[in-house]
Every structure is written in C-alpha cells, then in structure tokens.
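One structure below.
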Amino acid sequence: MAEVLETIDGIARRLGRDVYYLALIDDDGDFRDIYTDVSEITCWLDAKQIGWSLCAGFDEDRVWIEGGPGCIFLDIHPDHGPEAMEMVEAHFMNAEGEPAIPGYVPAMLRLMKALSFAGRDDPDF
C-alpha cells in the first residue's frame, strides 16, 4: 500500500522548528535512497527511546516524485532534548568528528532554511 513520506524540510515547517535527522550517506558522500535498510539504526533509536520516522532528504536543487535521498527524522526538540542529541552524536560520530557508523551522519535543518522552500508544499508545485 502506498504511503505518504514527508520530507525533512516539510517536517520542519509542520513543526515550526529546527529539526535533527540522520542523513543516509554512501561511501562517496552522496545520499543513499529511502529504500535503504535502516533497521539496525532504528532498533538502537527505539532502545534509547528516541522517536523517529523515515523521511526523504532535502535538496535545494531537486524535487523527487518518488524515492529520493533517505534520512531518519529524530523527534528531538532542540530546546528540550540536548541530552538525547548528545547521545546520538556520541553514538554516530567519533572523536575526530567523522561518522562512527558508516552511512549515517547526524544533521540539523534550520527552520529558516526549510521555510525558504515552503512553496514546495503547494499541491500544484
């Protein structure tokens, strides 16, 4: 059955705030697609009681009709969840600031950036 998959910028606009997410990145630094198996990562998030949902990534220069870059929205409020984000960063990044788990990079999308692409929410876009 078809399912509507939000984009990370759409989530930021819907929530009206900055959002944290894990970008799914391949060995060349490009986005992996939304069909990537992320069950190992989502099991870890569940065990740490960090809410999450799969979503499509954000690209200023492209819009995908189907598929697209994958990411995992982390339901961590920037003002109320600094400990959770520190736990995520400690798990996914090493001391040198490089990904500790290949393929997953913690990131944040600022609301102001997401708002600049609000026109993409229009059904006629």
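All of the numbers you see were taken from the coordinates with simple rules; none came from a lab. Quick caveat: nothing in here was measured; it's all calculated off a predicted structure. No Cβ is skipped: glycine too gets one built from the backbone with ideal geometry, and neighbour counts run over all protein chains shown.
Numbers for the structure displayed
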| read-out | value |
| --- | --- |
| Simple spin-label estimate for Ala47 and Ile101 in nanometres, 7 Å along Cα-Cβ | 0.9 nm |
| Pairwise FRET efficiency - Met87 versus Asp30, Cβ, R0 = 25 Å, nearest 0.05 | 0.40 |
| For peptides 6-15, 71-80, sequence by mean Cβ density within 10 Å, most packed first | 6-15, 71-80 |
| For Asp18, distant residues with modelled amide H under 5 Å away | Leu111 |
| Under 5 Å, built H, 5+ apart or other chain: amide partners of Met93 | Ala100 |
